[in-house]
Amino acid sequence: MSKHFLVILVALSLCGCVTIPKRVTLPLPPKAKFVEVSKFCKKNGLTYSYNTLDDVVELTSKDKNIRLLLNSLLVYYNGRFFRLKNSPFYREGRIFIPQELEDIILKKIPKIFVPLAIKRIVIDPGHGGKDPGAISPGGIKEKDINLRIAKLLKRELEKKGFIVYLTRKKDIYLSLQKRVEIAKDRRADLFISIHANSNRNCRVNGVEIYYLSPKYFNWKKRLLWLSNYLPPDLRGAYSRHQREIIWRNICAKNDAISRQAAHCLVAIFRELGFKVSYPKGAPFYVLKYGYVPSILVEVGYLSNSREERLLKNPRYQHQIACAIALGVSSLNRQYPRLVKRYGNR
Ligand SMILES: [Zn+2]
């Protein structure tokens, strides 16, 4: 492998257009441990009910009230919110609960997750200007597809009442650093980077959604950046140790919202009939160095002839934009769904 080729590979993996040789099959994430809901209840002295209307699974006993949402990482337990690493799901008539829920009810995990409503969103159409991104066999440039979908997405999100900004409105080059800084400067609650994928294997296809994951955090570099993150009048007020704690809290919150957002998007894409992989953490620059909750959506493979044809179709571009917008707004709906009490109980 030549040095030049290596550089290209690294550059591709940083920009988000990495080729993924193995596809993850749905719906179990690797190494995750799940248990069927009735077994979980028997072991922990609980009874359960499932509301098919809003996908809420409720587990109760004398002193416990637990509510879970299918395909969501949120858990509502005795009036407080907690976060799971894996979401409960429904398959072949059965509900599966992540085993880790036991740690929460046995109080091994005291971490509370306070969900925030998403209001301000920065959409980042990947590539642009001198950087075309992936190019399809028919000559379609990824940067153009990304921009068109980003503009449609902006319109859809604005219809739903979100405040939306684009990192670029036209075909210009922007560094990756500049993109994450725009999200920070706009005080975004969520950063959505739009990309289209490519793979040497032309049969590979489907939508993929990536989230910012602490697995890839560069703590040292991020800590250095924190001095710029804090308002100037507060910078001297914190010791290095205190700054580290602040930054770790910011990262934990960003991580929780990023994962949650990715899961919401996957659930909506799946509901709408798209082929979509289980959400994954990835070391893409815009996720690794994001200051705010961030996800990256690979809208399809330009290297696949069917998806190449679809991706240049304005109607399909609109469908993708609608799916993302629905996913984002479902994130805001999850919170009240778990808090509310249903009529006849
Ligand atoms: Zn890309």
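Remarks
- Qualifying position, being at pLDDT below 90, of a type in the set (A, V, I, L, M) and under 26 Å from residue 255 (Cβ atoms), among 68, 106: 106
- Only one of the numbered conditions (1) more than 16 Å from the ligand (Cβ to nearest atom); (2) open to solvent by 60 Å² or more (accessible area, probe 1.4 Å) is violated by residue 71, and that is (2).
- Counted as qualifying within the stretch 204-322 are the helices (runs of 4 or more DSSP H) with 3 or more residues that are open to solvent by 10 Å² or more (accessible area, probe 1.4 Å), modelled with pLDDT under 90 and assigned by TED's automatic domain parsing to the domain that holds residue 184, namely 219-229, 240-271.
- Count of the stretch 115-165 residues which are aliphatic (A, V, I, L, M), surrounded by fewer than 18 Cβ atoms within 10 Å (Cβ to Cβ) and touching a helix residue (DSSP H, G or I) at 6+ places or on another chain (Cβ under 6 Å): 1
- Selection from the stretch 48-68 of residues that are open to solvent by 20 Å² or more (accessible area, probe 1.4 Å) and in a strand (DSSP E or B): 48, 49, 50, 51, 60, 65
- Leading residue by the ranking (surrounded by the most Cβ atoms within 10 Å (Cβ to Cβ)) among those in the stretch 91-107 that are touching a helix residue (DSSP H, G or I) at 6+ places or on another chain (Cβ under 8 Å) and farther than 10 Å from residue 34 by Cα: 105
The values are calculated or read from the model by the stated rules, or taken from the named source; none is laboratory data. Only a predicted model underlies this, so the values are computations on that prediction, with no experimental measurement involved. Reconstructed Cβ throughout: ideal geometry from the backbone, glycine too, with neighbour counts over all protein chains shown. What goes into the accessible areas is simple: the full protein's heavy atoms, side chains included, and nothing from ligands, DNA or RNA. Shrake-Rupley method; radii C 1.70, N 1.55, O 1.52, S 1.80 Å.
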